[in-house]
Amino acid sequence: MSVFLQNKYTNMEYQIVLDKVISIASNYGVKVIGAIAIWVIGSWAIKKLMKAANALMDKSHYDEGLKKFLLNLTGIVLKVLLVLSILGNLGIQTTSFAAVLASAGLAIGLALQGSLGNFAGGVMLMIFKPFKIGDFIEAQGKKGTVKEIEIFTTKIVGLGNHLIIIPNGILSNGSITNYTNQDKRQVRHVIGVSYDADIKKTKEVLLKVLTSQKNVLLDPEPTIDVVELADSSVNFAVRAWVNTEDFWGVHCTTLENAKTALDAAGIEIPYPHMVEIKK
């Protein structure tokens, strides 16, 4: 009798456990299957979206470093949203989890204000491209050739072959002069001569200095104009167009040849004199 009762209770306990398992399976089985379906479909959709974004960035000629960073960031955000969607489908409360993520993001943002500013500046520089690697620029009082454009900083090599690192935040918010953005540049000098000098002859001498240089372009043609009657000199604006890569050579040669040619023509270039008065 006792054995019979024991078997009966054992069977009843087994049946209760089985009923609970069936109940749990019926309640959560559909949700688990739904979660798996969401994961599969969501992953497929993310891949398609990332592929489309990559093609769009290639078409827009985004910087390779910026493109990689934006794609990685977008992929992470989409996957986090996918996981939150799956957790919500399983009946797990995601409100508090999302609040924790938002709080953490705010705290990190406040702690990294400067870095985020540089990051935003780097993104702006890579999107709008005011300069590229190899350009000669002037920014924040510094001149040099752009060596690297990174997400937080830009590196330029100065005229003395020294490395200059400028944070992208202040670089993107300040004035930038790009000297090599255009195919042509204008060499400009102001050269003063004595009031005793013949203006027509001076213009002829200076024009010959320009036209005798093979790297000076004749279209647009060089110009020599009187721009100022100063206290002790008549000042001439000497202008000539050159290809960008020839700029510095013509710039320096023009100054040297102008001095030599004016001296040969007997045209004086005024300069300050010290006069000693004897009593």
Does any residue in the range 116-129 that is closer than 11 Å to N168 by Cβ come within less than 6 Å, Cβ to Cβ, of a residue that is among the acidic types (D, E) and not in a helix (DSSP H, G or I) six or more places away or on a different chain, and which pairs are these? M126/D63
Would you check if there is a residue in the range 236-243 being more than 24 Å from D183 (Cβ to Cβ) and assigned to a strand (DSSP E or B)? yes
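Would you say G158 is in the same structural domain as K132 (by TED's automatic domain parsing), surrounded by 13 or more Cβ atoms within 10 Å (Cβ to Cβ) and out of contact with any Asp or Glu (no Cβ under 8 Å at 6 or more places or on another chain)?
Taking the combined requirement at face value, the residue does not satisfy it.
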Checked the range 149-160 for anything of a type outside the set (A, V, I, L, M, F, W, C) and not in a loop (DSSP other than H, G, I, E, B); matches are T153, T154, K155, G158
Selection status of L101, modelled with pLDDT under 80, within 17 Å of the chain's Cα centre (by Cα) and assigned to a helix (DSSP H, G or I): no
Counting only residues in the range 186-244 that are basic (K, R) and over 15 Å from A261 (Cα atoms), the one surrounded by the fewest Cβ atoms within 10 Å (Cβ to Cβ) is identified as K214
Tell me yes or no: at least one residue of the range 210-220 is touching a Lys or Arg at 6+ places or on another chain (Cβ under 8 Å) and among the basic types (K, R). no
So how many residues does the range 140-151 have that are closer than 25 Å to K67 by Cα and in contact with a Gly (Cβ under 6 Å, 6 or more places away or on another chain)? 1
Can you find a residue that is over 15 Å from I191 (Cα atoms), in the same structural domain as I191 (by TED's automatic domain parsing) and either over 45 Å from the mean Cα position of the chain (by Cα) or among the basic types (K, R) (or both) anywhere in the range 212-227? yes
Any residue that is more than 15 Å from the chain's Cα centre (by Cα), outside the structural domain of D246 (by TED's automatic domain parsing) and part of a loop (DSSP other than H, G, I, E, B) - is there at least one of those in the range 161-175? yes
Residue pairs qualifying under the 9 Å Cβ cut-off, at least six apart or on distinct chains, with the first in the range 31-53 being in contact (Cβ under 8 Å) with a residue 60 or more places away in the chain and the second being in a helix (DSSP H, G or I) and surrounded by 11 or more Cβ atoms within 10 Å (Cβ to Cβ), are K31/N89
Residues satisfying the stated conditions in the range 213-263, i.e. in contact with a helix residue (DSSP H, G or I) (Cβ under 9 Å, 6 or more places away or on another chain) and small (G, A, S): A240, A258, A261
Scan (1) at pLDDT below 75; (2) more than 29 Å from L56 (Cβ to Cβ); (3) not small (G, A, S) for the single condition I166 breaks and write down its number. (1)
Is at least one residue of the range 250-258 under 27 Å from N178 (Cα atoms), part of a strand (DSSP E or B), touching a residue at least 12 places away in the same chain (Cβ under 8 Å) and assigned by TED's automatic domain parsing to the domain that holds H189? no
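The values are calculated or read from the model by the stated rules, or taken from the named source; none is laboratory data. Not measured: the values here are computed from a predicted model. Positions of Cβ are generated from backbone atoms using ideal geometry, with glycine treated the same way; all protein chains shown enter the neighbour counts.
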